[in-house]
Amino acid sequence: MSYRFPSFRLLLLGFAFLCACAAPGLAEAACELRVGWDEWPPYITYKEGHFHGVEYDLLTSTADTAGCKLDFQQIPWARALKMLGAGELDLLYGAGYSAERAAFAKFSIPYRQEQFVLVTRSKAGDEAESVSLNDWIQSEKAGDHPRAIGVFRGDVYGDQIDHILKNTKNVSLVELNDNEQMVGMLEAGRLDGYIIEDAVAKMQLQESASPLHRYVIKEQTADPLYYMFSLRVDDGVVQRFNIAIRRRQSQGR
């Protein structure tokens, strides 16, 4: 003789239903990411109580599609990299890939392309739109004095540019913390030039009181950017970001 236990079966079905309903909420609750950010106009800036900029819009849209909440914490880039490595931050944006960074972080797939340019003081008659960084360094030599080139502290510029900066003679790299420092030191004659994102350079050319010149760097016209995650972030979260990036790119956005 067999016995049926309808009450027990109903209990199991009810428990399964509750788990299915609760699962999406649990997934979202588990994906709350601490994001390190700093002023990076025109990509991301904070004015009158609100964030603005294409980088902010991209990040929040991607995170929303991935089902993640973001907690923005204003921290200088170099310190934010250390905090990400220590697990004190979960996510950074606008990051170039390097083997050194891969030792302490996970990377998404590329989510956009970035072009770095060289900015110098404007010279009469110079209408060139692009330049070989290596040739510019060599042609700009003044005796035995190395060329002072401003770079953003903690940043990477892609394999070709980084190779030139690290291996070319007569280069003195000056690490700075913000874009205003770069413009100020260039105008004061303490830099011969600096390397920066193209959109930032275009904005500076419009706003600077002194004439500046922008060159596309021939050795590397574009570089992929990634979201960079702490190693403590679950791989599933990274994959959700990748799916969100692919969805946006398939829609041509």
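The values are calculated or read from the model by the stated rules, or taken from the named source; none is laboratory data. Model, not experiment: these values are computed from the prediction. For neighbour counting, all protein chains shown are included, and Cβ atoms are generated from backbone atoms with ideal geometry for every residue, glycine included. We work out accessible area using only protein heavy atoms, side chains counted, and drop any ligands, DNA or RNA first. Shrake-Rupley method; radii C 1.70, N 1.55, O 1.52, S 1.80 Å.
Bridge orientation summary for the chain: considering DSSP beta bridges with both residues in this region, about 60 percent are antiparallel. A straight Cα-to-Cα reach below 20 Å connects K82 with the lysines K106, residues fewer than 8 places away in its own chain not being considered.
In whole angstrom, note down how far apart the Cα centers of segment 144-165 and segment 234-248 are. Each part reduced to its Cα centre gives a spacing of 32 Å.
Electrostatic bookkeeping for F72 treats Lys and Arg as +1 and Asp and Glu as -1; over the other residues with beta carbon under 13 Å from its beta carbon, the sum is -4. Protein heavy-atom surface of the chain, 1.4 angstrom probe: 52% of the accessible area is carbon and sulfur, with nucleic acids and ligands not counted. On a 31 Å Cα-Cα criterion, which of the cross-link pairs K47/K169; K69/K166; K47/K166; K123/K169 come out too long? From the list (K47/K169; K69/K166; K47/K166; K123/K169), the Cα-Cα distance tops 31 Å for K47/K169; K69/K166; K47/K166. Accessible surface calculations at 1.4 Å, restricted to protein heavy atoms, place the chain at 56 Å² per residue.
With the helix formula -39500 (n - 2.57) applied to DSSP H stretches of n ≥ 4, the chain reaches a computed 222 nm mean residue ellipticity of -12500 deg cm²/dmol. Helices assigned as whole DSSP H runs in the chain whose Cα atoms extend at least 20 Å along their own long axis and whose mean Kyte-Doolittle hydropathy is -0.5 or higher are found at 6-30. In terms of overall dimensions, the C-alpha atoms belonging to the chain reach 102, 39, 32 Å along their principal axes, ordered largest to smallest.
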